[in-house]
Amino acid sequence: MIAVEDFLYLKNANCMKKLLITITLFSSFLTSSQEMETAEDEISFEKAVTHAYREENKKAIESFTSFLNQYPDSFLKPRAKFNIGIVLRKLSRNDEAILIFSEILNSDYNEKESYGGIIEQYALYKNRSAKELAEIYFEKKEYKKASDYIYLFDKKYKYLHFCGNEMRA
């Protein structure tokens, strides 16, 4: 026969077990929904990249822009911005590209963000944006502005490397 104290203990233990199961399930749900959100922004970004690789430049710009509107706080935001600038350059829409690359220079994007490539270690958004701007202004024969941006990518936002790619520097 179960004593009243034992019954209350078992009842409380049973309630605790149910509570722990509920908390575990809820936290599991939160974790999976966060992973889904992360996966969703990465999937959206990859779709835009696919358009860019296929030279579907207008679709790429639309997709990157949609990505930025949908996921404004994504860790992929700097890459999307930079990619828009590059695709605009491919389309010879240099005045629009200037705005994008200038915005990147005025941002707080992390230059040392991992690039993810075998040869390139860092993303170097500002270095690469200054280089693109120098090329744009050189093509426009605005040599003073080109020179200013050459200074930026050469001296202020230097190319960062490790021993595996120092020859490029």
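Where a number appears in this text, it was derived from the coordinates with a stated rule and is not lab data. Worth saying up front: this structure is predicted, and the values here are computed from it rather than measured. Cβ coordinates were reconstructed from backbone atoms using ideal geometry, including for glycine residues, and neighbour counts include every protein chain displayed.
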Point-to-point label distance, Lys59-Asp154, nm (Cα→Cβ direction, 7 Å offset): 4.1 nm
Cα-based convex hull volume of the range 69-113 per residue, rounded to whole Å³: 76 Å³
Residues listed by number, the range 46-67, amide nitrogen under 17 Å from Arg93 label point at 7 Å toward C-beta: 48-67
